[in-house]
1. Mind checking the full-extension length gain between THR86 and MET118? Use 0.36 nm per residue of separation minus the Cα-Cα distance, one decimal, nm.
2. Return the FRET efficiency for the residue pair PHE27, ALA73: r is the Cβ-Cβ distance, R0 is 41 Å, and the value is rounded to the nearest 0.05.
Amino acid sequence: VRAAMELWLEHVLRYSRRDQLSVNFVFAQTGIEVHAIEIDNWSSPWHQWPQLSNRKWSVTQDRLASALRIPGAEIGRLENVVHQLTEQVSVLTQRADEQRELVDTYRKSASWIVTRPMRVLWRAVVRK
């Protein structure tokens, strides 16, 4: 049930505020069997429909605007994270290039070339 509800929330946040459109798909994806309760949609012990009296449309509009802002803010936060990581990768790539150049400089130096036979001999002795 937890996995289904998490997937349902992801669908609602990603695709549509119309949660009733995605709930059946999520139940099918997660293997949850739904057993319907036979009730009258217009009136039941739990609700009456329609409810039109004293509806505060401004509250509904404010809630919708808030709900839409949340994913937008998360997208902005994630874009910032991606930007920071891209900068870090750039810095690390530059450092790696500098280290490669330094190694190449050492390998081309006269002392490295002259001491090569000693390194070869040392490796042969150590491996025995």
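Derivation of every value follows stated rules applied to the coordinates shown; laboratory data play no part. This one's a predicted model, so the numbers in the text were calculated from it and none came from an experiment. With ideal geometry, Cβ positions are generated from the backbone for all residues, glycine too; neighbour counts draw on all protein chains shown.
1. Separation in residues times 0.36 nm, less the Cα-Cα distance, equals 7.2 nm.
2. Given R0 = 41 Å and the Cβ-Cβ separation, E is 0.90.
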